[in-house]
Amino acid sequence: MADIRVTVKPGSRSGDRIETAADGSLVVHLRAKPVDGAANAALLEQLAEHWDLPKSRLTIVRGTTSRQKVVRRDESSRRTIGR
């Protein structure tokens, strides 16, 4: 498992995209608005696609109501190449 610091920018007009900040954390721009959990759902969807993981392997462990979040990535059941 890995915990990743993420800054979310909901309501972005520039579209959905993921950038890496200078400190190694991620900045995720989302079109979704922070209403009724829509931005959190869109965040997990974008990260799952970015890391090629099912959404069920991602969890927001801190910051569900903040733009600063910590997302846990669980890769425990992924197979390694050549296994």
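Only the coordinates and a few stated rules stand behind these numbers; no lab work does. Just so we're clear, the structure is a prediction, and the values are computed from it rather than from any experiment. Ideal geometry is used to build each Cβ from the backbone, glycine not excepted, and the neighbour counts take in all protein chains shown.
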As a test, work out the antiparallel percent of DSSP beta bridges whose residues both lie in the chain, rounded to the nearest 5. 80 percent
Using Cα pairs under 8 angstrom and six or more residues apart, how large is the relative contact order of the chain, in percent? 33 percent
Using unit Cβ charges (K, R positive; D, E negative) and no other charged atoms, how large, in debye to the nearest 20, is the dipole of the chain about its Cα centre? 60 debye
Around Lys69, with a cut-off of 9 angstrom between Cβ atoms, what is the net charge of the other residues, counting Lys and Arg +1 and Asp and Glu -1? +3
When the charge dipole of the range 2-73 is computed with +1 at the Cβ of Lys and Arg and -1 at the Cβ of Asp and Glu, the Cα pointing farthest to the positive end, of Pro54, Ala2, Ser12, is that of Ser12
Over the chain, the sum of -39500 (n - 2.57) across DSSP H runs of at least four, divided by residue number and rounded to 500 deg cm²/dmol, gives at 222 nm -5500 deg cm²/dmol
Against the 2.2 N^0.38 Å rule of thumb, the C-alpha Rg of the range 2-73 sits at a ratio of 0.98
Does anyone have the angle between helix 38-51 and the longest principal axis of the chain? Alpha-carbon axes, 0 to 90°, nearest 10? 40 degrees
